[in-house]
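Remarks on the structure that follows.
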Amino acid sequence: MTRTALITGITGQDGSYLAELLIEQGYHVVGMTRRSSTSGQERIAHLDGQLELVQGDLLDQASLVEALRSSKPHEVYNLAAQSFVPTSWNQPVLTGEFTALGVTRLLEAIRQVDPTIRFYQASSSEMFGQVQVSPQDESTPFHPRSPYGVAKVYGHLLTVNYRESYGIFAVSGICFNHESPRRGLEFVTRKVTDGVARIKAGLTDELRLGNLAAQRDWGFAGDYVRAMWLMLQNDEPRDYVIATGHTHTVRELCEVAFAHAGLDYRDHVIEDAKYLRPAEVDHLLGDASRARADLGWNPQVSFQELVQMMVDADRARLERALPAGAASVG
Ligand code: NAP
Ligand code: GDD
């Protein structure tokens with residue numbers, strides 16, 4: 001029998017990679033989208049005809065119930081969220097509504113429509129925040145440093161609670177940062193690789209960034225969505241840290257990205273206090289031993305390969321967008 005998966009956040013980075021993976025696995029994939037005056041579906045345009053879309057919003061309980069009733073999924077992947085950390089200080093209440101209470105609404109809808117549905121929650125290494133121990137694993141205490149991180153802790157603990165209270169197969173992937181050429185332009189990896197492409201094309205000469213000392217455990221989004229799927233195929237519902245086990249500074253990210261285009265980041269990167277955060281997460285490094293042992297999950301793409309893939313993709317994108325020859329200055 002064909003299995004059906006409902007993905008919230010299908011138009012986002014992870015949603016698009018997960019949809020590809022599940023289609024390859026033979027699933028009927030249903031993506032939940034919210035109404036917008038523009039399409040906003042660039043990341044899934046290439047999957048047109050291979051998936052079904054239903055309208056729904058994490059703010060609207062009735063729409064979630066209807067999305068479940070109409071699609072009858074075996075698995076639900078809750079990837080939708082307000083996912084940009086700085087915005088969570090500007091819109092803390094909305095971030096809580098989407099990223100925290102949205103999880104309650106969706107789990108309540110599952111309880112009402114079909115409690116046998118398997119549920120994946122997109123938890124985050126931002127929950128660890130100001131870490132006291134390194135690396136971080138499933139037993140590391142949470143100390144979130146932003147309204148986003150706090151909202152993710154709520155969603156995470158609620159997922160555990162619905163598993164314990166109602167026996168729902170509800171699990172969380174505590175994912176460390178994962179990136180790709182489809183990453184939003186405001187996140188630091190994509191900001192840097194897009195900046196490199198723009199500098200290389202002669203469109204600008206500088207890139208303004210915030211804290212260059214921050215350290216992240218960066219992996220490739222395509223690897224991480226495989227872990228999400230594996231978690232829902234598990235015999236037992238369990239939460240997992242998903243990470244590469246390597247950490248790098250934003251400065252190292254700049255070094256690798258600029259060098260790949262034959263540039264020296266020190267000639268172009270400017271530290272700008274405008275991009276500093278009210279409270280920073282200085283260091284993240286994940287220990288994915290449990291995922292390796294139980295799920296056989298291992299990341300395939302290294303940090304260097306990831307950054308180079310993103311620089312190449314941004315340069316190719318500008319080549320296509322600019323008049324012939326204009327993107328290859330220098
Ligand atoms: P993303 O690119 O920002 O995508 C977010 C998605 O959520 C978009 O499809 C967006 O739809 C949707 N969305 C936002 N608010 C919604 C609402 N009220 N109702 C319905 N849909 C809504 O995020 P991502 O990088 O793919 O991340 C996926 C999930 O993993 C997020 O929950 C994120 O917090 C979490 N996470 C990400 C990482 C990472 O490094 N990427 C790490 C840990 C956890 P629109 O297109 O309409 O805006
Ligand atoms: N965005 C951004 N822009 N970040 C910068 C900049 C800049 O100009 N300069 C330095 N940084 C630093 C930030 O201060 C942060 O320490 C680090 O780069 C990473 O920032 P982001 O790429 O915005 O990601 P994030 O770590 O805050 O959050 C991402 O990863 C989380 C998992 O740990 C998001 O994808 C979250 O949704 C996700 O949960």
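The values are calculated or read from the model by the stated rules, or taken from the named source; none is laboratory data. Predicted model, so just to flag it, every value in this text is computed and none were measured. Using ideal geometry, Cβ is built from the backbone for each residue, glycine included, and neighbour counts are taken over all protein chains shown. Accessible surface is based on the protein model in full, side chains and every heavy atom, while ligands, DNA and RNA are left aside. Shrake-Rupley method; radii C 1.70, N 1.55, O 1.52, S 1.80 Å.
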Built amide H within the under 5 Å cut-off of Leu284, gap 5+ | Gln215, Arg216, Asp217
State the answer as a single residue: which of Gln25, Asn90, Gly40 lies farthest towards the positive end of the charge dipole of the stretch 11-100, with beta carbon charges of +1 for Lys and Arg and -1 for Asp and Glu, about the Cα centre.
-> Asn90
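What do you reckon, how do Ile7, Ile270 stack up by accessible area (1.4 Å probe), largest on top? Write out the running numbers ahead of the final one.
Numbers: Ile7 0, Ile270 55 Å².
Solvent-accessible surface, decreasing: Ile270, Ile7.
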Filtered GluC sites (Glu not before Pro), the stretch 154-223: DSSP coil and at most 13 other beta carbons within 10 Å | Glu186, Glu206
Förster-model FRET efficiency, 56 Å R0, Glu319 and Thr2, C-beta, rounded to 0.05 = 0.90
Alpha-carbon Rg with Dmax, taken over the chain, Å = 19.8, 61
Can you tell me the 0 to 90 degree angle between the C-alpha axis of helix 61-71 and the longest principal axis of the chain, rounded to 10?
-> 80
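Kindly work out what percent of the DSSP beta bridges joining two residues of the chain are antiparallel, to the nearest 5. Working shown, then result.
On the way: 2 of 35 bridges.
Of those bridges, close to 5 percent are antiparallel.
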Hey, what angle do you get for helix 13-24 against the long axis of the chain, alpha-carbon based, 0 to 90 degrees rounded to 10?
-> 60
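Grab the DSSP H runs of the chain that are 4 residues or longer, score each as -39,500 (n - 2.57), total them, divide by all residues and round the 222 nm result to the nearest 500 deg cm²/dmol. Could you put the intermediate results ahead of the total?
Details: 11 runs with 126 residues, N = 330.
Computed ellipticity for the chain at 222 nm equals -11500 deg cm²/dmol.
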Name the most mobile residue of Val241, Val93, Val103, meaning the one with the largest mean-square fluctuation, in a Gaussian network model of the chain with Cα contacts below 10 Å.
-> Val93
Treat the stretch 253-320 as a sphere of radius equal to its Kirkwood radius over Cα pairs and apply Stokes-Einstein at 20 °C in a medium of 1.002 mPa s; give the translational diffusion coefficient in µm²/s, rounded to a whole number.
-> 140
Any lysines whose Cα falls less than 27 Å from that of Lys72, other than same-chain ones fewer than 8 residues away, would be Lys152
Partner lysines whose C-alpha sits under 26 Å from that of Lys200, ignoring same-chain residues fewer than 8 away, are Lys191, Lys274
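Using a Förster radius of 51 Å, what is the FRET efficiency between Ala273 and Gln300 based on their Cβ-Cβ separation? Nearest 0.05, please. Numbers along the way, then the final one.
Numbers: r = 38 Å, r/R0 = 0.74.
Computed FRET efficiency for Ala273 and Gln300 comes out at 0.85.
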Answer in debye to the nearest 20: the dipole magnitude of the stretch 16-107 about its Cα centre, from +1 Lys/Arg and -1 Asp/Glu charges placed on Cβ, is 220
Hey, got a sec? Which GluC sites (Glu not before Pro) in the stretch 79-137 land in a DSSP loop and have at most 10 other Cβ atoms within 10 Å?
-> none
For the chain, with the dipole built from +1 on Lys and Arg beta-carbon atoms and -1 on Asp and Glu ones, taken about the Cα centre, which of Thr204, Tyr265, Leu106 lies farthest toward the positive end?
-> Leu106
What size of dipole, in debye to the nearest 20, comes out for the chain about its Cα centre when the only charges are +1 on Lys and Arg C-beta atoms and -1 on Asp and Glu C-beta atoms?
-> 460
Degrees separating the helix 188-200 axis from the principal Cα axis of the chain, which is the longest one = 30
The stretch 12-81 and the stretch 243-300 have their Cα centres apart by a whole-number Å value of 29
Rounded Å value of the spacing that divides the Cα centres of the stretch 133-157 and the stretch 159-211 | 17
Sorted by average packing, counted as other Cβ atoms within 10 angstrom per residue and highest first, what order do 312-319, 46-53 take?
-> 312-319, 46-53
